[in-house]
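The structure appears below as structure tokens.
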Amino acid sequence: MQIKHTMTKKLGIFVLLTAACVLLAGVFVFTNTTAKADINQQTARQLLSAGKILPLEKITKLAKEIKPGEVLETELEHKKGIYIYEVELLDAHSQVWEIKLDAKTGKLIKMELED
């Protein structure tokens, strides 16, 4: 009787661990398929030379026209088939804004107040 109880307990633990592994694997796959891809400097230069993105100076100027302030950070990313500049700005009220611009056209995609 004791052996059967121990086996049942071990089987239960095995099932729980297996379920946890499957859940974690699913989270990893899901986050990888929706993840953005940051662009390195060399690739950015090639994209700029090919006319696929605007220069950083133009993007920061456009971002400041949309929301005046000090540029804190700029990232170039590839999401859903398009290149996007994400510009973080600090405004006169000490609020941080994230401005997303289409890297090819400079068109505003999204602007939001950071938490």
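Scanning the range 72-95 for residues that are farther than 16 Å from Ala37 by Cβ, hydrophobic (A, V, I, L, M, F, W, C) and loosely packed, with under 15 Cβ neighbours inside 10 Å yields Leu72, Ala92.
For the range 45-65, the tally of residues that are surrounded by 15 or more Cβ atoms within 10 Å (Cβ to Cβ) and within 19 Å of Asp91 (Cβ to Cβ) stands at 5.
Just one of Ile66, Ile53, Ile59 is touching a helix residue (DSSP H, G or I) at 6+ places or on another chain (Cβ under 7 Å), closer than 17 Å to Thr105 by Cβ and at pLDDT 50 or above; which is it? Selected residue: Ile53, the only one of Ile66, Ile53, Ile59 that is touching a helix residue (DSSP H, G or I) at 6+ places or on another chain (Cβ under 7 Å), closer than 17 Å to Thr105 by Cβ and at pLDDT 50 or above. The residue of the range 69-92 that is nearest to Gly106 (Cα to Cα), among those that are of a type in the set (A, V, I, L, M, F, W, C) and in a strand (DSSP E or B), is Ile84.
The values are calculated or read from the model by the stated rules, or taken from the named source; none is laboratory data. Source: prediction; values computed, not measured. A quick note on method: Cβ atoms are made from the backbone with ideal geometry, for glycine too, and the neighbour counts reach across all protein chains shown.
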